[in-house]
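Below: one structure, written as structure tokens.
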Amino acid sequence: MKKFSILVAGGGSTYTPGIVLMLLDNLDKFPIRQIKFYDNDKERQDIVANACEILIKERNPEIDFLATTNPEEAFTDVDFVMAHIRAGKYAMRELDEKIPLKHGVVGQETCGPGGIAYGMRSIGPMIELIDYMEKYSPNAWMLNYSNPAAIVAEATRRLRPNSKILNICDMPIGIERHMATILGLKSRKDMTIKYYGLNHFGWWTSVTDKEGKDLMPKLKEHIAQHGYNVNLQMYQHNDASWNDTFMKAKDIYAIDPTTLPNTYLKYYLYPDYVVEHSDINYSRANMVMDGREKFVFGECKKIAEAGTSEGCELHIDEHASYIVDLARALAYNTKERMLLIVENNGAIENFDKTAMVEIPCLVGCEGPEPLTVGTIPQFQKGLMEQQVSVEKLVVEAWIEGSYTKLWQAMTISKTVPSAKVAKEILDDLIEANNEFWPELN
Ligand code: NAD
Ligand code: G6P
Ligand code: MN
């Protein structure tokens with residue numbers, strides 16, 4: 001059986017140790033001969049790499065390990081690039097959240113002005129990663145979950161249309177785990193689902209068991225009262241802020257009780273609620289830096305100092321096993337049905353053919369085969385047309401260096417009340433992102 005060579009791009013990510021542990025736990029399904037890390041911040045990556053080197057040695061000493069900031073070393077002899085970079089790191093996430101909030105607008109990592117700012121930072125670095133992969137390992141696939149995935153997907157569609165990049169998000173997977181728990185099922189894989197939308201902007205239209213029995217009525221009954229909140233011990237999506245998000249799904253559901261919503265719709269449908277419940281002095285980025293980053297980096301440092309992982313509290317990110325499912329689908333032609341962000345190309349009949357949509361696909365060795373969705377209702381279509389226009393205008397603004405297009409993108413976003421407020425936020429974001437954005441004229 002072929003053993004694969006994996007590159008984690010964004011080696012210094014807080015998710016890296018959980019993913020490495022998950023890969024080590026799945027070697028029977030997905031054999032690995034080499035794991036490499038690549039990051040453009042050596043110091044940050046080393047904290048994670050020094051610990052992961054020990055974890056790998058202890059669990060499977062036959063796997064070669066290398067952490068590097070040299071693109072040639074990193075991208076040579078690789079089968080899969082698992083990409084989760086954060087252009088601008090948490091320092092810029094904090095500004096993406098706090099600048100819009102200063103103007104009374106939603107401040108969020110991937111939604112609204114914050115997501116637009118993050119998109120403008122991410123396009124260049126993501127194209128750079130693709131170009132390294134194509135130069136040094138032209139047969140490799142990039143499994144990308146770097147955000148904002150919607151804008152990254154549109155940018156790569158425009159700028160590198162033939163590249164072997166697949167964009168995937170863990171939010172539907174996380175929500176489906178909640179659904180499975182609500183239904184008393186062991187695994188989300190006991191359900192078959194239909195879903196459509198944009199990334200962080202979609203709806204389930206069907207959930208059945210493997211025999212085809214409709215499970216929507218039971219889910220609806222729960223969601224109408226408790227949103228997706230359920231007693232589920234998970235390591236991700238598992239703090240007070242996420243509980244609030246899962247609960248708010250109740251109100252998102254109320255406006256269209258024929259479907260089940262992605263939790264991210266709260267930023268577009270209840271922006272007033274979100275702003276009221278945000279603290280400009282302590283936003284999500286602060287919670288993540290004080291929570292996940294401190295914990296993961298603290299544990300990594302302990303392992304490196306002790307020279308052993310004994311007693312360490314790092315846990316397998318079982319949640320991330322969808323990445324192995326995707327890699328296996330490509331490597332072994334499993335035709336697993338997965339939600340991916342792909343070009344619409346007629347799958348949603350009454351929607352822009354060139355839009356990057358999140359829909360079920362069968363994944364095999366030639367990549368994803370999107371499944372037909374058909375015609376979608378006016379409510380969803382209207383919302384999606386508005387949001388996809390934001391995403392497309394951001395990419396056009398980046399390509400053309402156009403201030404006007406970025407202002408238009410900001411203005412169209414449902415989270416922003418007027419062109420005036422859009423311009424004020426944009427001007428603040430331009431100043432803050434001076435190091436990262438192309439010059440706009
Ligand atoms: P993080 O800041 O801890 O890690 C990101 C790493 O990327 C850092 O070590 C940073 O130095 C590195 N980096 C930044 N720019 C780079 C570049 N140009 N080249 C190489 N490395 C670069 O962030 P995190 O919270 O662990 O999240 C990582 C990414 O994963 C983010 O983009 C986040 O939004 C995304 N994410 C996506 C999903 C999804 O559903 N698609 C789920 C979870 C996280
Ligand atoms: C979900 C989304 C990701 C996003 C993450 C943020 O998993 O699918 O795209 O990056 O949430 O979580 P955080 O804990 O960093 O706020
Ligand atoms: Mn996501």
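The values are calculated or read from the model by the stated rules, or taken from the named source; none is laboratory data. Small disclaimer: the values here were computed from a predicted structure and weren't measured. Positions of Cβ are backbone-derived with ideal geometry, glycine not excepted, and every protein chain shown enters the neighbour counts.
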> When both residues are 6+ apart or on different chains and their Cβ atoms are under 7 Å apart, which pairs have a first residue that lies in segment 416-437 and is assigned to a helix (DSSP H, G or I), and a second that is among the hydroxyl-bearing types (Ser, Thr, Tyr)?
Replying inline: 419/411; 422/411
> Before we move on, is residue 432 of a type in the set (Gly, Ala, Ser), crowded, with 20+ Cβ neighbours inside 10 Å and more than 22 Å from the chain's Cα centre (by Cα)?
Replying inline: no
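Yes/no per residue for (1) in contact with a strand residue (DSSP E or B) (Cβ under 6 Å, 6 or more places away or on another chain); (2) part of a strand (DSSP E or B); (3) within 16 Å of ligand 2 (Cβ to nearest atom):
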| position | (1), (2), (3) |
| --- | --- |
| 1 | no, no, no |
| 7 | yes, yes, no |
| 35 | yes, yes, no |
| 49 | yes, no, no |
| 58 | no, no, no |
> Would you pick out the residues in segment 20-30 that are within 15 Å of ligand 1 (Cβ to nearest atom) and surrounded by 24 or more Cβ atoms within 10 Å (Cβ to Cβ)?
Replying inline: 20
> Any idea which of 174, 202, 124 is assigned to a helix (DSSP H, G or I), touching a residue at least 40 places away in the same chain (Cβ under 8 Å) and within 16 Å of ligand 3 (Cβ to nearest atom)?
Replying inline: 174
> Going by the conditions given, is residue 194 within 27 Å of residue 356 (Cα to Cα), surrounded by 13 or more Cβ atoms within 10 Å (Cβ to Cβ), of a type in the set (Lys, Arg) and at pLDDT 95 or above?
Replying inline: yes
> Which residues, taken from segment 139-153, are within 22 Å of residue 107 (Cα to Cα) and either free of Cβ contacts under 8 Å to residues at least 12 places away in the same chain or in contact with a Lys or Arg (Cβ under 8 Å, 6 or more places away or on another chain) (or both)?
Replying inline: 146, 147
>> If I ask for residues that are modelled with pLDDT of 95 or more, crowded, with 16+ Cβ neighbours inside 10 Å and β-branched (Val, Ile, Thr), which ones from segment 307-322 would you list?
In response: none
>> Checking residue 279 against (1) among the acidic types (Asp, Glu); (2) part of a loop (DSSP other than H, G, I, E, B); (3) away from ligand 2 (no atom under 16 Å from the Cβ): exactly one of these is not met. Which one?
In response: (3)
> Pick from segment 9-33 the residues that are free of Cβ contacts under 8 Å to residues at least 40 places away in the same chain and more than 14 Å from residue 316 (Cβ to Cβ): which of them is nearest to ligand 2 (Cβ to nearest atom)?
Replying inline: 12
>> Please go through (1) within 16 Å of ligand 3 (Cβ to nearest atom); (2) assigned to a helix (DSSP H, G or I); (3) in contact (Cβ under 8 Å) with a residue 60 or more places away in the chain for residue 110 and return the number of the only condition it doesn't satisfy.
In response: (2)
> Being of a type in the set (Asp, Glu) and away from ligand 3 (no atom under 16 Å from the Cβ), is that true of even one residue in segment 149-161?
Replying inline: no
>> Looking at 216, 287, 247, can you tell me which residue is within 14 Å of ligand 2 (Cβ to nearest atom), surrounded by fewer than 21 Cβ atoms within 10 Å (Cβ to Cβ) and not β-branched (Val, Ile, Thr)?
In response: 287
> Residues in segment 386-396: is at least one touching a helix residue (DSSP H, G or I) at 6+ places or on another chain (Cβ under 6 Å) and of a type in the set (Gly, Ala, Ser)?
Replying inline: yes
>> Looking only at segment 347-406, count every residue that is closer than 26 Å to residue 325 by Cβ and in a loop (DSSP other than H, G, I, E, B) and tell me the total.
In response: 7
> Is segment 35-58 home to any residue that is in contact with a Phe, Trp or Tyr (Cβ under 6 Å, 6 or more places away or on another chain), more than 30 Å from residue 413 (Cβ to Cβ) and without any contact (Cβ under 8 Å) to a residue 24 or more places away in the chain?
Replying inline: yes
